[in-house]
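The values are calculated or read from the model by the stated rules, or taken from the named source; none is laboratory data. Please read all numbers here as calculations on a predicted model, not as lab measurements. All Cβ positions, even for glycine, are placed from backbone atoms using ideal geometry, and neighbour counts span all protein chains on display.
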Amino acid sequence: MNKIKVNVRWWDSYLEVFDCLEVRFGCDLLWLRLLEGSNRHIPLRHVRWFSLSQESHEERLFPEVSQHVER
C-alpha cells in the first residue's frame with residue numbers, strides 16, 4: 001500500500017496536508033481516499049493550488065516538517 005501525500009493550499013492561505021491511498025481530480029473536483037478509509041471531496045474553486053509531491057521549501061526551511069515526510 002503506497003501512501004500519497006497531497007498538499008492543498010486554500011484561498012485563505014491555509015495549507016492542509018492529506019495522507020491518501022488514492023487521488024483523482026478533474027476540472028472541478030479533487031477526490032481523496034484517506035488512509036483511514038474515508039473519502040474527501042474538495043471543490044477546486046475553493047483551492048488556490050494542490051500538489052502531489054513535497055514542496056521545494058519543506059526540507060530546507062522547515063526541518064521539523066521534513067522529518068514527517070515519508071520517502
*List the pairs whose first member sits in segment 8-22 and is free of Cβ contacts under 8 Å to residues at least 12 places away in the same chain, whose second member is in a strand (DSSP E or B), and whose Cβ atoms are under 7 Å apart, counting only residues at least 6 apart or on separate chains?*
LEU15/ASN7; LEU15/ARG9; GLU16/VAL8; GLU16/TRP10
*Go through segment 24-47 residue by residue and tally those that are under 13 Å from the mean Cα position of the chain (by Cα) and assigned to a loop (DSSP other than H, G, I, E, B).*
1
*Quick one: SER38 ticks every box in (1) at pLDDT below 90; (2) of a type outside the set (A, V, I, L, M, F, W, C); (3) under 18 Å from LYS3 (Cβ atoms) except a single one, so which number is it?*
(1)
